[in-house]
Ligand SMILES: [Zn+2]
């Protein structure tokens, strides 16, 4: 990595966890991801969840069409490339054969486990992992395809701040015991317990880390009033948990890598009597990460986190092109308007010191 006073040059990064949605929203948000990242793991929780290889193929075509329109309109340089890495939504009814067809497709890279009712569009999620999905898990382990985990137990009797910890105790420990070689990604790790599990696990495992869980703690949700744009799932935790995540990421462990969990919702659905969960951070994700790495004297760890650890875990080549970040003080806009869609970016109104 070339580290100068006013710029950082790193191998082009990838986003290992993003929500593109569909239709108008897809067209509105794809630009922010492709301007920074070469590849992205595309989450399958559309209103009509992506449950089969065929559905993933159709969704992939829509994403590539949307990307092609950006190029046609000269919104991005012609030499830019972008590869969507598709995923399949695991359900109680997923057939083991689906793993084999996904694996041989060449464009599907993981299955995603949402415990039923854990987050946006998760009603089709798994109700009983070990009762209903054992054969699918065996196949995933056999072909070496990662299982991406939303690691929260969505039980209304469990405190919302404890749901990650309970998931580890009640599901994850058994999952690792029964499937010692299954590749796991602990998505958007948000607690000290999550970090410890990933650090100490004896099998193949990694975790994605979002900008919001690195930069903010749960006070941000309530400072001066209720702030719906900091509401995401897993919910922001207390400062001791944020410190544990920072420590793990800056330790240089290869088990932690970039996954924004950028999750756009129209402003009216966030600022609502029942506001949706999700932070829109794709707008300036790399600047957010660079800022928090720099603030913790760890800018030299940014490239491995953003550009090496992810592809190494997934068994994919590292990117060959580069991304340049410039030091430039700017204010994150209060709102982005793209056609009829209004998005409030993470950290709206605050000052940031990096730009791409
Ligand atoms: Zn997500």
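Computed values, structure above
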| read-out | value |
| --- | --- |
| Peptide ranges 286-293, 61-68, 137-144 listed from the most packed, as the mean C-beta count within 10 angstrom indicates | 286-293, 137-144, 61-68 |
| Extension gain from residue 130 to residue 69, taking 0.36 nm per residue of separation minus the Cα-Cα distance | 17.6 nm |
| Per-q log10 I(q)/I(0), the chain, q = 0.06, 0.07, 0.12 Å⁻¹ (Debye; single scatterer per alpha-carbon; no solvent) | -0.19, -0.27, -0.84 |
| Added length on full extension, which subtracts the Cα-Cα distance from 0.36 nm per residue, residue 138 to residue 97 | 13.6 nm |
| Protection-proxy order for peptides 165-171, 321-327, each taking the mean of Cβ atoms within 10 Å per residue, highest first | 165-171, 321-327 |
| Over the stretch 202-356: Kirkwood hydrodynamic radius from C-alpha pairwise inverse distances, Å | 16.5 Å |
| Structure-based [θ]222 nm, the chain - -39500 (n - 2.57) summed over DSSP H runs of at least 4, per residue, nearest 500 | -9000 deg cm²/dmol |
| Gyration tensor (alpha-carbon) shape descriptor, the stretch 248-317, a/c threshold 1.5 | prolate |
| At 1.002 mPa s and 20 °C, Stokes diffusion of the stretch 132-269 via Kirkwood alpha-carbon radius, µm² per second | 135 µm²/s |
| Length gained when the stretch residue 338-residue 159 is fully extended (0.36 nm per residue, less Cα-Cα span) | 60.8 nm |
| Cα-based shape type of the stretch 40-182, given that a ≥ b ≥ c are square roots of the gyration tensor eigenvalues and the cut on a/c is 1.5 | prolate |
| Packing-based order for 205-218, 238-251, using average beta carbon neighbours within 10 Å, highest first | 205-218, 238-251 |
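Each value in this text was obtained by applying a stated rule to the coordinates, not by laboratory testing. It should be emphasised that the depicted structure is a prediction, and the values quoted were computed from it without experimental measurement. So basically every Cβ, Gly included, is an ideal-geometry build from the backbone, and we count neighbours across all protein chains shown.
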